[in-house]
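Everything below concerns the one structure shown next.
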Amino acid sequence: MRSRLYTYIIIAVSAVLVACSGGSGKDSVRGDGSSSEQDERRTGMQCSVCDGEGVVIETCAECGGTGGHECDECNGRGGTDCNYCRGEGSSMCMLCSGTGRKLCYNCNGSGHSTCSACMGSGRDYAGNICYACAGGGQSNCGYCYGSGYIKCRDCGGSARQQCTFCQGKGKDECAKCEGEGQLNCVPCNGSGKVTLKCHECGGKGVVTDD
Ligand SMILES: [Zn+2]
Ligand SMILES: [Zn+2]
Ligand SMILES: [Zn+2]
Ligand SMILES: [Zn+2]
Ligand SMILES: [Zn+2]
Ligand SMILES: [Zn+2]
Ligand SMILES: [Zn+2]
């Protein structure tokens, strides 16, 4: 019984404490917290410039409201042309010397291979002329269809490969703007707007008559 009463008192006291700290917290959010300024707020007129907010939102003077400006490192280009591919983003495929094709490894470029039906004998098991190669013992190479060449597997026949130095972008990305060519305006953090203390009321939200 005694301990229950004690618990009740604790709850009641902490409720009062919460209420008090809540009140003072609101004041400190409003601004300055000193008691003389709080008095002025009560007696003065609400500032019409900031509607009593104490702050005004203005266009950022640094960027003129655009939120960014051209990167001074790369003059807005986002980077410099890749030295390796001269800005093309791709370079000649080294593995096929830019031809896009390779000698067929199955037939060594001859275009034909030993007939698989007669194993090159030109005759079938019964001794007749092999129907597959018409007796020649050779058939078109199944890999290159008789051309002697196959597509370069590294470039897919395009004869070019993506530049590995710039990942095909053709540019060495500007480190400062990460290739964007634009930098976020620092004062407004890219928003183009800045929140300034109201110059009319000095941030107090009220104008006093003096
Ligand atoms: Zn104001
Ligand atoms: Zn700005
Ligand atoms: Zn490159
Ligand atoms: Zn190739
Ligand atoms: Zn072949
Ligand atoms: Zn055959
Ligand atoms: Zn840049």
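The values are calculated or read from the model by the stated rules, or taken from the named source; none is laboratory data. A quick note: this is a predicted structure, and the numbers were derived from the prediction, not measured. Glycine gets a Cβ as well: all are built from the backbone with ideal geometry, and neighbour counts include every protein chain shown.
Cys130: within 16 Å of ligand 3 (Cβ to nearest atom) and buried (at least 19 other Cβ atoms within 10 Å of the Cβ), yes or no?
no
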Problem - Conditions (1) of a type outside the set (D, E, K, R); (2) surrounded by fewer than 17 Cβ atoms within 10 Å (Cβ to Cβ); (3) at pLDDT below 90; (4) farther than 30 Å from Cys74 by Cα; number of the one not met by Gly120 - result: (3)
Practice task
Filter the range 146-167 down to the residues that are at pLDDT below 90 and more than 15 Å from ligand 4 (Cβ to nearest atom), then identify the one that is farthest from Gly44 (Cα to Cα).
Solution key: Phe165
Practice task
Determine, yes or no, whether Cys85 is in contact (Cβ under 8 Å) with a residue 24 or more places away in the chain and among the hydrophobic types (A, V, I, L, M, F, W, C).
Solution key: yes
Exercise for the section: Please tell me if Gly190 is in the same structural domain as Cys47 (by TED's automatic domain parsing), in a loop (DSSP other than H, G, I, E, B), touching a residue at least 40 places away in the same chain (Cβ under 8 Å) and within 16 Å of ligand 2 (Cβ to nearest atom). Expected result: yes
Fill in the blank from the handout: Residue pairs qualifying under the 8 Å Cβ cut-off, at least six apart or on distinct chains, with the first in the range 133-150 being outside the structural domain of Gly109 (by TED's automatic domain parsing) and the second being among the aromatic types (Phe, Trp, Tyr), are none
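Could you grab me the full set of residues in the range 161-188 that are away from ligand 7 (no atom under 16 Å from the Cβ) and surrounded by 18 or more Cβ atoms within 10 Å (Cβ to Cβ)? Step through it out loud before you land on a result.
Within the range 161-188, the first condition is being away from ligand 7 (no atom under 16 Å from the Cβ), and the residues that meet it are 161-165, 167-168, 187-188.
Correct list: Gln161, Cys163, Cys188.
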Exercise for the section: Of the conditions (1) within 42 Å of the chain's Cα centre (by Cα); (2) crowded, with 18+ Cβ neighbours inside 10 Å, Leu103 clears all except one; give me its number. Expected result: (2)
